[in-house]
Amino acid sequence: MAPQETRTPTPSPPIPSPPIRTGSTAPEPPAPRAWPARLVVAGIVLAALNLRPAITSLGALLEEVRDGLGMSGTVAGLLTSVPPLCFAVFGVTAPRLARRFGPAAVVCAGMVAITAGLAIRPYIGGTAGFLAASALALMGIAVSNVLMPVIVKRWFPDRVGSMTGLYSMALALGTSVAAAATVPMTDALGGDWHAGLVVWAGLAAAAVVPWILLVRARGTGDREGPASGTAGTRDREPTAKTEPAPSAPPEAGTPQPTPTPVAPSVSAHEPDEGALRITRSRTAWALAFFFGLQATAAYITMGWMAQIFRDAGVAAGTAGLLLAVTMVMGVPLAFVIPRLATRLPRQGPIVVVLGLCGLAGYAGLYLAPAAGAWAWALLLGISNCAFPLALTMVGMRARTGAGVAKLSAFAQSAGYLISIPGPLLVGVLYQHSGGWGLPLALMAGLMVPQIGVGILAGRDRTVEDEATA
């Protein structure tokens, strides 16, 4: 009998196991929804459109408002100093309010305040009432100013440059449209400056809508926003995720552990908000002075440039258009400059170019204000793009969400405090000297330290490293 051959069964190829579904055994991490992000983008754009019309619409009609309210040049200078004063006083409260009520709620309240202030200030009567209503609108602008960079950092951490550019473009667009359209709208409404100012309350009312929706969408706009300083991992930027090494396919029938959502980790060397003492950072101070000096130039420009051209013999409507040209330069450049800044380790070269444009513009306003008006408006528009650069550097000079919130509040509040005397001093010099020679010399002189501190603020370092060193 022949021996029977023993055959070893050939192993069949492993059957890929189906994906493990954990929905019935453990809650899955919530999938990100597209509509809250789109709503945030819409809210950011609409909010940015409303952050300057309260100021530039007044600048275009400053002579009419002065005559209607009986203001002197000094009081008008005080009026142009109210924006940075309000930004400094109320902006510092934004992180605390965001921790308590949620950032979307704070920005929503800010839009409501802008709407109310713009609606009542032309009709409240008297200089004091006009100033008080303007302060109400500026309070809403102040808290939104501080929270916008934080919201951008939290919702779009990998697109800080492009989103800051979009925000800055919308801000520049709102600024320029208000400067260009206020005088023609006033003429179309019968030449009444009250009506010419109140129309901007409608734009502010439109900005309230997306933020109300974000506040109502609990867990999206309000909880995932920049509630800086609140304990917990959601207050920090997620660290980069490391993909696990591939493993062999699990054998059929082998029980697998249920994956558990893991909160974003934070490296041990990153301090929490309580440990971050922002005033110890030299970069924070440099950024605050840079922010303050560029704000000084911006508010002098918005408050007085149309008047400079009108005193040089330029018609009121043309002067408003020139101011609009200065502001509209920020629309394309506000998108280009942040993207360029995020690609450079140091932002000093951009600071120098913007500063030189400002010096050339002020020199032109002194030598030939009417003959070269369009050129000077373009140069000063380029120079004013130091604002989106400053916002971009706020996002770049801090690693964590809490750091961005603190740096934004500190740089903007301290910066606006620094900028308060500038517009007021220009009004005093203009009234007592009878011309624009001394005010323009002051503007040009302030551009030099702006370049210096901007170079320091643009160095490649973070406030967390400096504040805890």
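The values are calculated or read from the model by the stated rules, or taken from the named source; none is laboratory data. The structure presented is a predicted model; accordingly, all values stated were derived computationally and were not measured. Because the Cβ atoms are built from the backbone with ideal geometry, glycine has one as well, and the counts that use them run over all protein chains shown. The accessibility values were calculated without ligands, DNA or RNA, using every heavy atom of the protein model including side chains. Shrake-Rupley method; radii C 1.70, N 1.55, O 1.52, S 1.80 Å.
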Positions within the range 311-327 being crowded, with 21+ Cβ neighbours inside 10 Å and either within 21 Å of the chain's Cα centre (by Cα) or under 17 Å from ALA297 (Cβ atoms) (or both), in sequence order: LEU322, LEU323, ALA324, THR326, MET327
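Residue-by-condition table, conditions (1) in a helix (DSSP H, G or I); (2) free of Cβ contacts under 8 Å to residues at least 12 places away in the same chain; (3) over 30 Å from LEU367 (Cβ atoms):
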{"site": "LEU407", "(1), (2), (3)": "yes, no, yes"}
{"site": "SER413", "(1), (2), (3)": "yes, no, yes"}
{"site": "LEU438", "(1), (2), (3)": "yes, yes, no"}
{"site": "GLN450", "(1), (2), (3)": "yes, no, no"}
{"site": "ILE455", "(1), (2), (3)": "yes, no, no"}
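Yes/no matrix, rows are residues, columns are (1) farther than 30 Å from GLU64 by Cβ; (2) hydrophobic (A, V, I, L, M, F, W, C); (3) out of contact with any strand residue (DSSP E or B) (no Cβ under 8 Å at 6 or more places or on another chain); (4) open to solvent by less than 30 Å² (accessible area, probe 1.4 Å):
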| site | (1), (2), (3), (4) |
| --- | --- |
| PRO149 | yes, no, yes, yes |
| LYS153 | yes, no, yes, yes |
| SER176 | no, no, yes, yes |
| VAL183 | no, yes, yes, yes |
| GLY190 | no, no, yes, no |
| GLY196 | no, no, yes, yes |
| ALA204 | no, yes, yes, yes |
| ALA217 | yes, yes, yes, yes |
Evaluation of GLY403 against (1) open to solvent by less than 10 Å² (accessible area, probe 1.4 Å); (2) closer than 17 Å to PRO338 by Cα (one fails), failing number: (2)
Every pair of residues 6+ apart whose Cβ atoms lie under 8 Å, when the first sits in the range 375-400 and is under 12 Å from THR164 (Cβ atoms) and free of Cβ contacts under 8 Å to residues at least 24 places away in the same chain while the second is surrounded by 24 or more Cβ atoms within 10 Å (Cβ to Cβ) and aromatic (Phe, Trp, Tyr): none
Selection status of PRO149, outside any helix (DSSP H, G or I) and in contact (Cβ under 8 Å) with a residue 40 or more places away in the chain: no
Qualifying residue in the range 78-98 (condition: surrounded by 18 or more Cβ atoms within 10 Å (Cβ to Cβ) and basic (Lys, Arg)): no
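Out of all the residues in the range 278-286, is one or more part of a loop (DSSP other than H, G, I, E, B), among the hydroxyl-bearing types (Ser, Thr, Tyr) and open to solvent by less than 30 Å² (accessible area, probe 1.4 Å)?
So in the range 278-286, the residues part of a loop (DSSP other than H, G, I, E, B) come out as 281.
In the following step, the residues that additionally are among the hydroxyl-bearing types (Ser, Thr, Tyr) were identified as 281.
With open to solvent by less than 30 Å² (accessible area, probe 1.4 Å) added as a condition, the list becomes 281.
Checked the range 278-286: at least one residue is part of a loop (DSSP other than H, G, I, E, B), among the hydroxyl-bearing types (Ser, Thr, Tyr) and open to solvent by less than 30 Å² (accessible area, probe 1.4 Å).
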All positions within the range 385-400 that are open to solvent by less than 10 Å² (accessible area, probe 1.4 Å), within 19 Å of VAL328 (Cα to Cα), of a type in the set (A, V, I, L, M, F, W, C) and part of a helix (DSSP H, G or I): ALA386, LEU389, ALA390, LEU391
Scope the range 368-384; condition aliphatic (A, V, I, L, M), within 13 Å of ILE308 (Cβ to Cβ) and surrounded by fewer than 24 Cβ atoms within 10 Å (Cβ to Cβ); matching residues: ALA368, ALA370, ALA373
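Could you tell me how many of the residues in the range 308-320 are part of a helix (DSSP H, G or I) and at pLDDT 85 or above? Quick ask: steps written out before the conclusion?
Filtering the range 308-320 for residues part of a helix (DSSP H, G or I) gives 308-311, 316-320.
Going one step further and asking which of them are at pLDDT 85 or above, we end up with 308-311, 318-319.
Of the residues in the range 308-320, 6 are part of a helix (DSSP H, G or I) and at pLDDT 85 or above.
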Single match in LEU354, LEU340 (criterion: buried (at least 19 other Cβ atoms within 10 Å of the Cβ) and assigned to a helix (DSSP H, G or I)): LEU354
